Amino acid sequence: MPLFGAYVMVDWSGGDRRRAGKQDCIWIAHGSAIDAAPTTTSPPSRTEAEHLIRAQLKPIVEAKKARVLLCADFGYGYPAGFAALLPKSASDNLPPWRIVWQYLRKYLQDDLGTKPGQQPTNRSNRFEIANAINGAVSSSASPGPFWCLFKAGGYACVPQKRPAQPFVCASGAVAPLRITDKRAKSDTPFRLFGTGSVGGQVLTGIPRLESLRFDPEFARCSAVWPFETGWAPTTGAWLGPELRVLHAEIFPSVRGALIDTIKDRGQVRAMWHWARDLDAQNLLINEFAIPPGITSGSPGDTVIRSEEGWILGCPRS
């Protein structure tokens, strides 16, 4: 029996202006398991994207039937050790991924300058957040871990060139990539600008995930894979009957794209078909299982499930 009755695939953007319907914009592919193809939409701002996503989740949650798989193409965690760089707080008894999510939800501001009655500006303070973290943990002689700005020298604590890797400070060492990033050949979440950079997407995306996952409307029936669900077993049941929304990270580049005049739109369409078609064959559950080469209970396994996360569809070898 398929795991899901609907699928939502999101290509995110950390950009600072309203932009839609083109390459390097937000694209969302969504639809039910019985649809021949997904509906694709390009909201011009992150706020409007979140509203659209909520609209897809709400009917399933309210009906208390089936589940929806919600995926976005940015890192749901940082390399091991990053959470330890953040200021100490009352949330330190939480797992590292939750410390990061709560921190970014608290301090990341979006739609700066939006006035009442106006459309969301889509401008964020992501560079200020990176600058503040760098300033708290690094020295002027060796700044990091975030690097590369739109304009060199715009923020005193963010260097334009890549810091020495791994980044080392009093709190410890942090590698540039997660275990899953190495396998998927993804970029570092600490690079904030430039071709292929994903740092801005992670900083602006995680607060939206925190909002969706822990909103009172969805909190009791949602979970984030593999942080909260663990790995899918090879036999037997996995997800509880009350679960309606499963969050999972994707990296569409590892699965290619359908032919489309806009690459990003083609990628989310391809991810939607990939998940829907595998699920129809009862094979999608295999993608949620522990990755080959990761031993259950090993340090790597613990790091993935508590801090770094994993990419759904990441190459299995």
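Using a simple spin-label model with points 7 Å from Cα along the Cα→Cβ vector, what separation in nm is obtained for Asn286 and Ala237? It works out to 2.4 nm between the two label points. Sort out for me the Cα centre separation of segment 62-111 from segment 260-281, rounded to whole Å. Distance between centres, Cα-based: 26 Å. For segment 253-262, in order, what is each residue's ³J(HN,Hα) by Karplus, 6.51 cos²θ - 1.76 cosθ + 1.60 with θ = phi - 60°, in whole Hz (x at glycine and Pro)? In residue order, the calculated couplings are 4, 6, 10, x, 9, 6, 4, 7, 5, 10 Hz.
Secondary structure note: in the chain, about 45% of the DSSP beta bridges are antiparallel.
The Cα atoms of segment 25-143 give a gyration tensor whose axes a ≥ b ≥ c have a/c of 1.5 or more with a/b greater than b/c, which makes the shape prolate. Rounded, prolate or oblate: which fits segment 137-278, taking a ≥ b ≥ c as square roots of the Cα gyration tensor eigenvalues, rounded meaning a/c under 1.5, else prolate when a/b beats b/c? It is prolate, given that a/c is not under 1.5 and a/b is the larger ratio. Annotation: amide H-H contacts under 5 Å for Asp73 (H modelled 1.01 Å from N, sequence separation of 5 or more, or interchain): Val10, Trp12, Ile250. At full extension, Thr302 and Lys182 could sit 41.5 nm farther apart than now, given 0.36 nm per residue minus the alpha carbon distance.
Descending by average beta-carbon neighbour count within 10 Å, the peptides 217-225, 265-273 line up as 265-273, 217-225, the highest first. Ordering Asp35, Asp187 from the fewest to the most neighbouring beta carbons within 10 Å gives Asp35, Asp187. Each residue of segment 161-171 was assigned a 3J(HN,Hα) from its phi angle through the Karplus expression (A = 6.51, B = -1.76, C = 1.60, θ = phi - 60°), giving 9, 4, x, 4, 10, x, 6, 10, 8, 4, 7 Hz with x at Gly and Pro. Segment Arg220..Ala164, full-extension length gain: 15.9 nm, with 0.36 nm per residue of separation and the alpha-carbon distance subtracted. Seen from Glu217, the other residues with C-beta closer than 10 Å to its C-beta sum to a net charge of +1, counting Lys and Arg as +1 and Asp and Glu as -1. Counting beta carbons within 10 Å around each of Met9, Met1 and listing the fewest first gives the order Met1, Met9.
Each residue of segment 304-310 was assigned a 3J(HN,Hα) from its phi angle through the Karplus curve 6.51 cos²θ - 1.76 cosθ + 1.60 (θ = phi - 60°); the sequence is 4, 7, 10, 9, 8, x, 8 Hz, with glycine and proline shown as x.
For Ala6, the residues whose modelled amide H falls within less than 5 Å of its own, excluding neighbours fewer than 5 places apart on the same chain, are Ala33, Arg67, Leu69. Estimated purely from DSSP H runs of n ≥ 4, each contributing -39500 (n - 2.57), the mean residue ellipticity at 222 nm for the chain is -8500 deg cm²/dmol once divided by its residues. Compute the helix-to-body angle for 46-63: its Cα long axis versus the longest principal axis of the chain, expressed 0 to 90° and rounded to tens. That helix lies at roughly 30 degrees to the long axis.
Maximal additional length on extending the Ala55-Lys151 stretch stands at 30.9 nm, based on 0.36 nm per residue less the C-alpha distance. Applying 1/(1 + (r/R0)^6) with R0 = 51 Å to the Cβ-Cβ distance of Lys64 and Ser171 gives a FRET efficiency near 0.70. Could you tell me whether segment 149-196 comes out rounded, prolate or oblate from its Cα gyration tensor? Rule is a ≥ b ≥ c as square roots of the eigenvalues, rounded for a/c under 1.5, then prolate if a/b exceeds b/c, otherwise oblate. Judged from the Cα gyration tensor, segment 149-196 comes out oblate (a/c at least 1.5, b/c at or above a/b). Can you figure out the FRET efficiency of Arg105 with Arg17, using R₀ = 22 Å and their beta-carbon distance, to the nearest 0.05? Approximately 0.45, to the nearest 0.05.
We did not get these values from a lab; they are worked out from the coordinates using the rules stated. If you're wondering where the values come from, they're calculated on a predicted model, not measured in any experiment. Counting neighbours? That spans all protein chains shown, and the Cβs are built from the backbone with ideal geometry, glycine included.
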